[in-house]
1. Check Val72 against each of (1) surrounded by fewer than 21 Cβ atoms within 10 Å (Cβ to Cβ); (2) touching a Leu at 6+ places or on another chain (Cβ under 9 Å) and name the one condition it does not meet.
2. Working only within the stretch 362-414, note down all residues that are outside any helix (DSSP H, G or I) and buried (at least 17 other Cβ atoms within 10 Å of the Cβ).
3. Scan the stretch 16-35 for residues that are open to solvent by less than 50 Å² (accessible area, probe 1.4 Å) and in contact with a helix residue (DSSP H, G or I) (Cβ under 7 Å, 6 or more places away or on another chain) and jot them down.
4. Only one of Gln194, Gln177 is farther than 22 Å from Asp83 by Cβ and open to solvent by less than 30 Å² (accessible area, probe 1.4 Å); which?
5. Scan the stretch 425-443 for residues that are surrounded by fewer than 18 Cβ atoms within 10 Å (Cβ to Cβ) and modelled with pLDDT of 80 or more and jot them down.
6. Please list, ordered by first then second residue, the pairs with beta carbon atoms under 7 Å, 6 or more apart or interchain, first in the stretch 187-209 and touching a residue at least 40 places away in the same chain (Cβ under 8 Å), second among the polar types (S, T, N, Q).
7. Within the stretch 222-255, take every residue that is open to solvent by 10 Å² or more (accessible area, probe 1.4 Å), hydrophobic (A, V, I, L, M, F, W, C) and assigned to a helix (DSSP H, G or I) and give me the one that is farthest from His182 (Cα to Cα).
8. Of all residues in the stretch 302-329, count the ones that are aliphatic (A, V, I, L, M), touching a residue at least 12 places away in the same chain (Cβ under 8 Å) and open to solvent by 10 Å² or more (accessible area, probe 1.4 Å).
Amino acid sequence: MSLTEATLLVLYFGTLAALSGYGLHRFHMLALYRWYGKREPARRTLPDGNAAPEELPFITLQLPVFNERYVVERLIDAAARVDYPRSRFEIQVLDDSTDETTRLVDRCVASWRSRGVDIVHLHRTNRAGYKAGALDEGLRVAKGDFIVILDADFVPASDFLRRLLEGFSDEKVGVVQARWGHLNRDFSLLTRVQAILLDGHFVIEHTARNRSGRFFNFNGTAGMWRRTCLEDAGGWEHDTLTEDLDLSYRAQLRGWRFVYLRDLVVPAELPAEVHGFKSQQHRWAKGSVQTALKLAPRVSRSTVPNKIKLEAFAHLTANFCYPLLLLLSLLLWPSLWLRTHVLDAGSVTLFDFATFGAASIAIALFYLVAERAADPVGWKRRILDLPVVLALGIGLAVNNTIAVFEALVGKESPFVRTPKHAITGTSGTWRGKAYFSRKSITSILEVALGLYLVGTMVYSCTQGLYLGTPFIALFASGFLYIGTLSFAQAIANLPIFRRRAAVEAARDGALHPAAMLA
């Protein structure tokens, strides 16, 4: 065996071993969920409707927005209609917009102010610090003892504030987080798969971490902070793209406890087009690695139990799976050649089959349990989407690997918000609207890698290595799906098609007339 062949084998099996470790972590999350999932957090009883308003704490609702013309009025309306004494809450619309969103906010804020709601429009002419900067500036003039943050695509129910407050059972609870729901789960295959991915995070991971005493994070929206906790942890910092994850860890390292209310669901709009989804995933992946570089040493030096440290390390480094998946994808063909020319092909292929099979079972079971818990009635119809969930997770490897390496080398990038288009259920459209995400070279790389893996699959079949072929097909389909969908939607958003779609959307009442000017 030559040095090159030996190096390839070490890389291949080392990559498989590392990915297997993260796969085992899925089983660990499932085990924690099973052991601790039925534990419910303590809740306090709030004064009833006959009590004096002064018995309830004052709350500030912060609504950070940036160019949200399609959803900003819906957001403000939902916030203003909360079932809470009007003398005990205020709303801050933290507006960094550079388009007509600002005019829409002005009009909506004036309307609610005339109806007795304490609401202010704080418009910045720069985006210093992006979302974290806007939240920090709003906090300086906020009157609330508790701070609620709602992103532009969220639509809370009227009892949202009261139910969040119930989670503050004692003075050491610093944050109460609600679960994200999905306004447009059934809009497309892409949104259905995103919903499953998020359900896994919110139903399994959040429950397992919180109920077992591990660290978990505020998700940037649909949650409430105790102001003293927020300030004690150092406040909002904007040196990472995941300011929520960063602040969450800093607060928990200071001894604050977080509470997760799994049964409180706040629906939000999923990205309906793939470029917005990839942009969101890039921001989350890069930000989590930035936070890991910033806080992992602090976690390791802390006095928290080792089980918390280990879980925090797994949590903060989870996105390193994507470079490993990309490397594994590139090594699949060389590994096939080696097993037909150097190794015992049968035994190695059997090892691959067992490894890939165990990883696939772990991930599929993880999301299957999440869907069964999230929707006990309709979860079975989502089983057919699970292969796409696996494929899409692989297909994100190019996009998110770039994000990971940008974080590692310290490349700075702006906070790119996820476009929202007021899509609910299966109605609405992103075509012809503003805010379409910019195209990226990643689409070319994804399609090229998908075709490379199709060739790998053909080679596998010609060599009689059939056991591994289904898994190679899963890799190929993931890259081809996300790459070709990116190209298709980019073509659909060319100026000639945008104008036509804009006219049709405006005619159908799906598009704000001012968007025709975009």
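The values are calculated or read from the model by the stated rules, or taken from the named source; none is laboratory data. These numbers come from a predicted model, not from an experiment. Note that we place each Cβ from the backbone using ideal geometry, even for glycine, and neighbour counts take in every protein chain shown. All accessible areas refer to the heavy atoms of the entire protein, side chains included, with ligands and DNA or RNA removed. Shrake-Rupley method; radii C 1.70, N 1.55, O 1.52, S 1.80 Å.
1. Single failed check for Val72: (1).
2. Of the stretch 362-414, the ones outside any helix (DSSP H, G or I) are 375-378, 396, 409-414.
Matches in the stretch 362-414: Leu396 only.
3. Step one: of the stretch 16-35, the residues open to solvent by less than 50 Å² (accessible area, probe 1.4 Å) are 16, 18-21, 23, 25, 29-33.
Hits for the stretch 16-35 are Leu16, Ala18, Leu19, Ser20, Gly23, His25, Met29, Leu30, Leu32, Tyr33.
4. Gln194
5. Of everything in the stretch 425-443, those that are surrounded by fewer than 18 Cβ atoms within 10 Å (Cβ to Cβ) and modelled with pLDDT of 80 or more turn out to be Gly425, Thr426, Ser427, Ile441.
6. Note: pairs meeting the criteria are Phe187/Thr426; Thr191/Asn184.
7. Within the stretch 222-255, the match that is farthest from His182 (Cα to Cα) is Leu253.
8. Looking only at that region, the number is 8.
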